[in-house]
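So the structure is just underneath, and the comments pick up after that.
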Amino acid sequence: MKIASRMHGPLILVLSMILSTSCNKFFQGQPTAENPGEASTATGLAYNEDGGFPVNDFSGQPDGPNLVFIEGGRMTLGSFEEDLLTTRDNLERTVTVASFYMDETEVANIHWLEYLYYVKLDSTREFYESALPDTTVWKGQLAFNDSYVDHYLRYPGFRFYPVVGVSWLQANDYCKWRTAMVNLKLAEESGLEDLPAEQGGRIPLESGVVLPDYRLPTEAEWEYAAQALVGTQWLDENQTHQRIYPWDGHALRNPYGKEMGFFLANFKRGRGDYAGIAGKLNDGAMITAGIYEYPPNDFGLYNMAGNVNEWVQDIYRPLSFQDVDDLNPIRRDGLLDPASYYDNEGGESLISDNVRVYKGGSWKDVAYWLSPGTRRFLEEDSATATIGFRCAMIRAGSNY
């Protein structure tokens, strides 16, 4: 008993040392982006010491203002509505879309006025004027919408209504400005406001404190986010049904609760009917509505059907569905389907390398265009009272 008692103490000490070592190895694990270790696994050279390779702290991609995470996956792109125009330009096909971020809402008038404010401070008069939305899109020879020409963009009551009269080119300029401003704020919060001259004032991506670029979503990303089939998931990789609209069912009205019977999107109900009758204005919007006005879809995105159409990155081709890749598809140019195939200059076709796709339907469109698979196109330097946009962003440092 005495021998056993004397052995008991050292044995416990040895066992605890073994467990401690194995636990440390277990918890340290392999190096990761967030925990790269103190030295290189390739050379053994120390990081951040005596002129060694600088490896900054990193805790994941920062949260971007107004962005919602969209988990990627497989989907069936294409229109599930009857092809009323017989365009056959969005046939069903299976693709995979990587995870990304998208604005929770459409870009609103207050956001564009903020943009104009800073552009006026820092840019030339010519660029400021080029950034002004075309407010005359409201004007009509046979309609009295004159008050919107002067008031829609600037009157405070319209602050959180979607900006319109913005071309595809202007929307891209806004994305660049927003990227710069958001990253400047993140850099200042991290103490990186004083940047070396050789970097040209650009905040290095290696710092780990800045975001990737804000940009327009691709058509595939937009359609994937609008369908929001994450809400139809059942068990493992089974989706119980497809969707004609960004919500379940064939109906356009809310079937549940206190909002039962109210429309789920802002669209034109029929010839001459934009909102219903006085005393019971069902969709409550004869023109656009507030950017938070209708229930969000299962990704938490508002107005992915109706209110305003939205610009996407892609140029338009009727046969994009058979040409583009099946992983993160996009059509950037006329590859495999050049503009010369279409008689744009002769007036027989509107298709060229300067027309861009827009999606989603608007306050002035019938319900057919609310289906995520429908698509139309317009010249990239044109603007209307029915087209706005929202921004997107890649999920960096992720393989899904």
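Given the options 179, 76, 87, name the one that is surrounded by fewer than 17 Cβ atoms within 10 Å (Cβ to Cβ) and in contact with an Asp or Glu (Cβ under 7 Å, 6 or more places away or on another chain). Break it down stepwise before answering.
Values: 179 fails: surrounded by fewer than 17 Cβ atoms within 10 Å (Cβ to Cβ); 87 fails: in contact with an Asp or Glu (Cβ under 7 Å, 6 or more places away or on another chain).
Exactly one of 179, 76, 87 is surrounded by fewer than 17 Cβ atoms within 10 Å (Cβ to Cβ) and in contact with an Asp or Glu (Cβ under 7 Å, 6 or more places away or on another chain), namely 76.
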Return the pair list, or none, for Cβ contacts closer than 8 Å from residues in region 368-384 that are within 16 Å of residue 83 (Cα to Cα) to residues that are modelled with pLDDT under 95 and among the basic types (Lys, Arg), at least 6 apart or on different chains. 372/243
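Evaluate region 115-122: report whether one residue or more is of a type in the set (Phe, Trp, Tyr) and surrounded by 14 or more Cβ atoms within 10 Å (Cβ to Cβ). First the steps, then the outcome.
Residues of region 115-122 that are of a type in the set (Phe, Trp, Tyr), as a first pass: 115, 117-118.
From the residues that got through so far, the ones that are surrounded by 14 or more Cβ atoms within 10 Å (Cβ to Cβ) too are 115.
Yes.
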Are there any pairs with C-beta distances below 8 angstrom linking a residue in region 330-344 that is touching a residue at least 60 places away in the same chain (Cβ under 8 Å) to a residue that is of a type in the set (Asp, Glu), with the two at least 6 apart or on different chains, and if so which? 330/219; 330/314; 331/219; 331/314; 331/323
Counting only residues in region 277-314 that are small (Gly, Ala, Ser) and in contact (Cβ under 8 Å) with a residue 40 or more places away in the chain, the one nearest to residue 382 (Cα to Cα) is identified as 306
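Go through 283, 353 for me and flag whichever is assigned to a loop (DSSP other than H, G, I, E, B), in contact with a helix residue (DSSP H, G or I) (Cβ under 8 Å, 6 or more places away or on another chain) and at negative phi.
Numbers: 283 fails: in contact with a helix residue (DSSP H, G or I) (Cβ under 8 Å, 6 or more places away or on another chain).
Result of the check over 283, 353: 353.
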In this structure, is residue 239 within 25 Å of residue 88 (Cβ to Cβ), modelled with pLDDT under 90 and either basic (Lys, Arg) or in contact with a strand residue (DSSP E or B) (Cβ under 7 Å, 6 or more places away or on another chain) (or both)? yes
Checking residue 270 against (1) free of Cβ contacts under 8 Å to residues at least 40 places away in the same chain; (2) surrounded by fewer than 13 Cβ atoms within 10 Å (Cβ to Cβ); (3) within 24 Å of residue 388 (Cα to Cα), which single condition isn't satisfied? (1)
Show the residue pairs meeting these rules: Cβ distance below 6 Å; 6+ apart or different chains; first residue within region 149-172 and buried (at least 19 other Cβ atoms within 10 Å of the Cβ); second residue assigned to a helix (DSSP H, G or I) and aromatic (Phe, Trp, Tyr). 152/158; 163/112
Within region 218-266, how many residues turn out to be at negative phi, hydrophobic (A, V, I, L, M, F, W, C) and either assigned to a strand (DSSP E or B) or over 22 Å from the mean Cα position of the chain (by Cα) (or both)? 6
Condition broken by residue 312, with the remaining ones in (1) farther than 22 Å from residue 258 by Cβ; (2) more than 16 Å from the chain's Cα centre (by Cα); (3) not in a helix (DSSP H, G or I) satisfied: (2)
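The values are calculated or read from the model by the stated rules, or taken from the named source; none is laboratory data. All values reported here derive from a predicted model rather than from experimental measurement. Here the Cβ is made from the backbone with ideal geometry for all residues, glycine too, and neighbour counts use every protein chain on show.
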